[in-house]
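Below is one structure, written out as structure tokens; the observations come after it.
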Amino acid sequence: MINLPLSIRHGAGVLCLLVFAPLVSVAEHIEPPQNPFLADSPWPISHQNSYLQGSSSLPGPLRGDRFRVQYQDAEPGSITLAYGPKDDRGNRAIWGNSLKHIYKIDANGKKWIYAVRQPRRRPIRSALSGAYCLVDCDGVFYTANLQTIEAFGDQCVGNSLSGIRKLRQFNIPACQVQSDSEKIIGLNMTYDGFLVFVTSHGTVGVLSRDLKCQSFVRTGKNERVSNSLAVDEDGGIYVVTTKYMYRFQWDDAGLTTRWKAPYKTADQDFPGRFGAGSGTTPSLMGVGDQDKFVVICDGQRLMHLLLYWRDEIPADWCPIDPRNPRLAAETPIRFGDRETSRSSTEQSVLVSGYDAAVVSNDYGQIRRRPKSRTMTDFLRAYLSGHEHIRPYGVEKFSWDPICRRLTSTWANRCLSCPNAIPTMSRATMQMYFIGNRERTWTLEAVDWNSGASNFFLPLGNKQRFNSYFSGTQIGTSGDIVTGTFTGLLRISPER
């Protein structure tokens with residue numbers, strides 16, 4: 001246990017912070033519609049909701065809190081910790097999967113313990129396959145393993161802390177497989193209760209939750225996917241490939257392609273990206289009568305933030321690029337360095353209301369690189385707390401629906417989010433992520449409106465605190481939870 005008063009651990013100097021626009025967002029923060037087929041819980045799916053915004057309405061920790069930091073051993077691969085619904089006894093389990101195990105965490109008390117930890121019959125052989133998972137409204141946990149989707153449930157119905165039982169399994173039909181190396185990457189849930197997935201080779205599938213009814217569509221040839229897929233309440237399914245941003249449509253007519261729009265990429269790979277093209281999972285912005293967009297970063301050497309109209313393009317819209325009329329906004333991401341000619345990220349864009357934040361993953365070079373590109377990427381993340389590799393920079397942007405313009409509202413060049421997926425709380429208006437300062441891993445809390453560091457909590461310099469591409473999540477009672485390179489972390493305010 002670590003108890004630290006945070007009043008003496010406040011943020012980075014003002015010289016690191018550049019504020020470009022008014023600090024209050026023009027958009028009212030309106031929650032995305034809750035998907036009734038996901039678990040009623042703080043975090044039922046990767047990136048929190050079907051919109052994959054990564055933000056939460058629940059409160060996170062505050063400056064002045066004292067903390068209890070708990071750690072559980074595990075192997076790498078716990079990218080998402082999926083909170084299940086409360087059971088008949090009022091308990092809730094947190095589901096997770098790593099390279100070799102399926103497990104449930106009992107986090108109902110102050111102590112965080114494994115309720116059950118079960119070896120996989122087939123270990124995951126790809127870190128990207130299985131990174132995205134979810135728990136449905138019935139408490140069933142779905143995860144992917146290469147060309148397979150597996151469903152797991154409670155050994156004793158109504159007792160979420162009982163053993164784990166494998167319920168069913170789906171294998172992609174051979175006629176839909178384009179390559180032996182193809183694997184399921186992203187997983188989500190439609191608002192009418194169907195699973196939807198995307199593979200590395202661009203096959204999009206919709207499945208009934210009993211894994212029997214199936215529908216498929218494909219992206220273009222020679223396109224690859226390395227991110228998950230977002231879903232809206234109108235049947236829109238959003239996938240970004242190495243070349244295009246797609247909207248597929250799921251409705252009574254089945255699964256069809258609604259539109260696709262290009263984006264710019266570079267001819268070379270950059271440190272911090274797992275593959276060519278965009279490094280971001282699509283995030284959805286805008287609800288109700290608001291302007292509605294799908295948000296990604298492109299793959300240029302100097303990365304740009306892109307907003308695409310999700311639905312019909314407004315009749316009075318004057319395209320910023322006549323060759324790409326669906327593109328609503330495009331602005332460079334410099335992380336406060338006006339002279340830079342390069343930027344990159346592998347984390348999804350963090351969205352709340354009309355606001356969108358991006359963290360830098362522009363790593364320094366490794367002196368002795370492995371021959372494998374994948375191993376090089378993972379080694380950079382492992383070493384990303386080192387000064388010569390650690391990336392710096394967080395930047396937030398806002399869409400003005402009156403002027404129809406996307407602008408940078410602030411950038412903080414002194415903050416480092418080496419490899420974590422960030423989150424934010426609309427209750428505390430703070431952004432949270434696992435950061436690094438002078439080779440010490442930290443929990444960072446950043447003012448959402450100004451970009452100033454509110455506080456940071458030193459965790460330690462061991463790899464057990466390295467988030468290693470895992471999501472920073474907001475749990476119950478102000479908890480921050482995350483996977484790490486060697487296990488799981490729960491950071492709890494003692495109130």
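The values are calculated or read from the model by the stated rules, or taken from the named source; none is laboratory data. Only a predicted model underlies this, so the values are computations on that prediction, with no experimental measurement involved. Methodologically, a virtual Cβ is constructed for each residue, glycine included, from the backbone with ideal geometry; neighbour enumeration extends over all protein chains shown.
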Item to check | Residue pairs meeting the criteria (Cβ under 7 Å; at least 6 apart or on separate chains; first within 21 Å of G275 (Cα to Cα), in the stretch 352-372; second of a type in the set (V, I, T) and outside any loop (DSSP other than H, G, I, E, B)) | outcome: V359/V394; I366/T376; R369/T376; P370/T376
Next on the checklist: With the structure loaded, tell me whether M424 is of a type in the set (A, V, I, L, M) and either modelled with pLDDT under 95 or surrounded by fewer than 24 Cβ atoms within 10 Å (Cβ to Cβ) (or both) or whether it fails that test.
Outcome noted: no
Item to check | the stretch 248-278 - residue that is of a type in the set (A, V, I, L, M, F, W, C) and under 21 Å from the mean Cα position of the chain (by Cα) and, of those, surrounded by the fewest Cβ atoms within 10 Å (Cβ to Cβ) | outcome: F274
Checklist entry - What residue, among those in the stretch 119-153 that are closer than 20 Å to P36 by Cα and of a type in the set (D, E, K, R), is surrounded by the fewest Cβ atoms within 10 Å (Cβ to Cβ)? => result D138
Item to check | Lone unmet requirement of (1) free of Cβ contacts under 8 Å to residues at least 60 places away in the same chain; (2) surrounded by 20 or more Cβ atoms within 10 Å (Cβ to Cβ); (3) not acidic (D, E) for F293 | outcome: (1)
Checklist entry - Name the strands (runs of 3 or more DSSP E) wholly within the stretch 190-248 that hold at least 1 residues that are of a type outside the set (A, V, I, L, M, F, W, C) and farther than 16 Å from V295 by Cα? => result 194-199, 203-208, 214-218
Checklist entry - Just checking, how many residues over the stretch 10-58 are modelled with pLDDT of 75 or more and either buried (at least 17 other Cβ atoms within 10 Å of the Cβ) or touching a His at 6+ places or on another chain (Cβ under 9 Å) (or both)? => result 26
Checklist outcome for this item: Condition set among the hydroxyl-bearing types (S, T, Y) and farther than 20 Å from A131 by Cα, scope the stretch 195-247, selection surrounded by the most Cβ atoms within 10 Å (Cβ to Cβ): answer is Y246
Checklist entry - Can you tell me how many residues in the stretch 168-204 are among the small types (G, A, S), at negative phi and free of Cβ contacts under 8 Å to residues at least 40 places away in the same chain? => result 3
